[in-house]
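**Q** Below is one structure. I have some questions about it.
The values are calculated or read from the model by the stated rules, or taken from the named source; none is laboratory data. Bear in mind the structure is a predicted one, so any value in this text is a computation, not a measurement. Cβ coordinates were reconstructed from backbone atoms using ideal geometry, including for glycine residues, and neighbour counts include every protein chain displayed.
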Amino acid sequence: MLTNLQARDVETLIHPYTNLVAVRETGPLILERGKGVWVHDVDGKPYLEGMAGLWCTALGYGNEELVEAAATQMRKLPFTHIFGGKSHDPAIELAEKLKEIAPVPISKVFFTSSGSEANDTQMKLVWYMNNALGRPKKKKIIARMRGYHGVTIAAASLTGLAGNHNDFDLPIAGIRHTTAPHHYRLAEPGESEADFATRLAADLEALIIAEGPETVAAFIAEPVMGAGGVIVPPATYYPKIQAVLKKYDVFFIGDEVITGFGRLGTAFGSEAMEMRPDSISVAKALSSAYQPIGAVMVPELMYEAMLTESSKLGSFGHGYTYSGHPVAAAVAVKTLEIYERESIFERVRAKIPQFDARRAALEDHPLVGEARGKGLVGAVELVADKKTKRQFDPKLGMAAKCVAFCQQEGLILRNVFGDAVTICPPLVISPAEIDELFDRLTRALDKTLDYAV
Ligand code: PLP
């Protein structure tokens, strides 16, 4: 029986990433307030937010400094755009800060309101750049199976998950997907992680050659895949992939929308994964999700191409009303200040051994085939048979069931492709709360096991 608020919800709202038939029966979980890593529903039940919302509320809930930064900017100047040569202090300060902390040489920053818009912009800029450089045929983009880059028409095309393509008539032309770096599922029997990485680099090279290197413009990758099931590539993967990209002059787009800002214990995930992208997308933790903001961090070569096109065409014809929105930018500036002032990334590094140990211990559970992760992000992949790695029939929705048991236990997690349950708490989680998270997840796994047998 739905509550009044739930009934009003299902009569009015379309929920993203939701079974729209099932939610009409169950109604949504309606949350009301939050503090630290905890959120409360409308009945006052507390939940440990083990996914930081959608991998984003890095500083947790109820951070008054961020609220104050937004309120102050709203009172001063709630909106002005940065089109046609106008500007404002928060956007300038944020761009300066991003340039300063970037893990690779960055020349300029372009702002968006989301990760999808950032990756969409990346694609347009790669095409624009190659036109400016006089190589109009070099336009194809290679992404990876199980990669997640968003849902706009271009970003969803880059995403390597069937659920984002089926019946949306995607991907668009000119996008290719190469093998996911998932050793547990895709390695040959006895193949080491290093040999697996070598084979994946060879796969990429074969794809570039088959397409024609003169047609391949860019490769996009998350340092650690998130929504594809938290896939951590082998240690030698990026150096090997980058050698191939370099050989064929393929631009490397780093999608740091989840890994950006401390998730792997370093400011950017690239630093933790020996990844050297040419450009970088960020969003989510850029403002700890207190405001919708993303950014594309652009190297000099790409910026020069934009100057060339501006001279030729009279203007750089791209931008969103909310590019560099002053309130979002002010909150992001404050967020980056807090990360630095409170040594958030160092403190994440101190928590990783405990998080790793608790995560790894889940591999002893009869339902868990692989408990993987890096830094403060992880996933458990549920299997019907640990020895053979046989998966459950997807129709059983085992990971979804586990997530529902987590909810009963007062823990919010998510289930994603391949019966994986993902874990990505706010970076400010305490050691006691890390134990609480894994205790609750273990109880939910036990209930799922009872349900399965
Ligand atoms: N890229 C990555 C790696 C993501 O995880 C996401 C969202 O989860 C996106 C891009 C898309 O971001 P948004 O949902 O803000 O459009």
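**Q** Across the range 65-105, what is the total count of residues that are surrounded by fewer than 17 Cβ atoms within 10 Å (Cβ to Cβ), under 21 Å from residue 298 (Cβ atoms) and hydrophobic (A, V, I, L, M, F, W, C)?
**A** Number satisfying all stated conditions: 3.
**Q** Starting from residues that are in a strand (DSSP E or B) and of a type in the set (Lys, Arg), keep the ones in the range 1-40 and report whichever is farthest from residue 425 (Cα to Cα). Even if it seems obvious, please write down each step before you answer.
**A** Here is the first cut: in the range 1-40, the ones in a strand (DSSP E or B) are 31-36, 38-40.
Restricting the remaining residues to those that are of a type in the set (Lys, Arg) gives 33, 35.
Details: 33: 17, 35: 13 Å.
Among them, the one singled out is 33.
**Q** Taking only pairs six or more apart or across chains, which ones have beta-carbon atoms under 7 Å, a first residue in the range 251-276 that is of a type in the set (Phe, Trp, Tyr) and modelled with pLDDT of 95 or more, and a second residue that is away from the ligand (no atom under 15 Å from the Cβ) and in a helix (DSSP H, G or I)?
**A** Every condition considered, the pairs that remain are 251/126; 252/242; 252/245; 261/339.
**Q** Further, regarding this structure: Residues of the range 55-74 being within 23 Å of the chain's Cα centre (by Cα) and of a type in the set (Ser, Thr, Tyr), which ones? Spell out the reasoning first.
**A** Going through the range 55-74, the residues within 23 Å of the chain's Cα centre (by Cα) turn out to be 55-63, 66.
Correct list: 57, 61.
**Q** If you don't mind, there's one more thing I want to ask. For the range 418-445, which positions are among the charged types (D, E, K, R) and either free of Cβ contacts under 8 Å to residues at least 12 places away in the same chain or under 28 Å from residue 261 (Cβ atoms) (or both)? Let's see the steps before the verdict.
**A** The initial filter retains those residues of the range 418-445 that are among the charged types (D, E, K, R), namely 419, 433, 435-436, 439-440, 443.
The answer is 433, 435, 436, 439, 440.
**Q** Something else about it: Go through the range 74-172 and tell me which helices (runs of 4 or more DSSP H), entirely inside it, have 1 or more residues that are more than 13 Å from the ligand (Cβ to nearest atom). Write out each step before concluding.
**A** Working: elements: 89-101, 115-132, 153-158.
Hits in the range 74-172: 89-101, 115-132.
**Q** Same structure, new question: When you check residue 323 against the structure, is it of a type in the set (S, T, N, Q), buried (at least 24 other Cβ atoms within 10 Å of the Cβ) and at pLDDT 95 or above, yes or no?
**A** Values: of a type in the set (S, T, N, Q): yes; buried (at least 24 other Cβ atoms within 10 Å of the Cβ): no; at pLDDT 95 or above: yes.
The answer is no for residue 323.
**Q** With the condition kept exactly as written, say whether any residue in the range 189-208 is of a type in the set (A, V, I, L, M, F, W, C), modelled with pLDDT of 95 or more and part of a strand (DSSP E or B). Steps first, answer last, please.
**A** Narrowing the range 189-208 to residues of a type in the set (A, V, I, L, M, F, W, C): 194, 196-197, 200-202, 204, 206-208.
Remaining after also requiring modelled with pLDDT of 95 or more: 194, 196-197, 200-202, 204, 206-208.
Now drop any that are not part of a strand (DSSP E or B), which leaves none.
So far as the range 189-208 goes, no, none of its residues is of a type in the set (A, V, I, L, M, F, W, C), modelled with pLDDT of 95 or more and part of a strand (DSSP E or B).
**Q** While we're on this one: Report, by residue number, each residue of the range 278-308 that is among the charged types (D, E, K, R) and under 17 Å from residue 221 (Cα atoms).
**A** Residues of the range 278-308 among the charged types (D, E, K, R): 278, 284, 300, 304.
Of everything in the range 278-308, those that are among the charged types (D, E, K, R) and under 17 Å from residue 221 (Cα atoms) turn out to be 278, 284.
Residue-wise test of (1) farther than 27 Å from residue 436 by Cα; (2) in contact with a strand residue (DSSP E or B) (Cβ under 6 Å, 6 or more places away or on another chain).
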position	(1), (2)
51	no, yes
61	no, yes
64	no, no
77	yes, no
85	yes, no
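**Q** Go over the candidates 194, 217 one by one and state the one that is surrounded by fewer than 23 Cβ atoms within 10 Å (Cβ to Cβ) and in contact with a Pro (Cβ under 7 Å, 6 or more places away or on another chain).
**A** On the way: 217 fails: in contact with a Pro (Cβ under 7 Å, 6 or more places away or on another chain).
Being surrounded by fewer than 23 Cβ atoms within 10 Å (Cβ to Cβ) and in contact with a Pro (Cβ under 7 Å, 6 or more places away or on another chain) holds for just one of 194, 217, which is 194.
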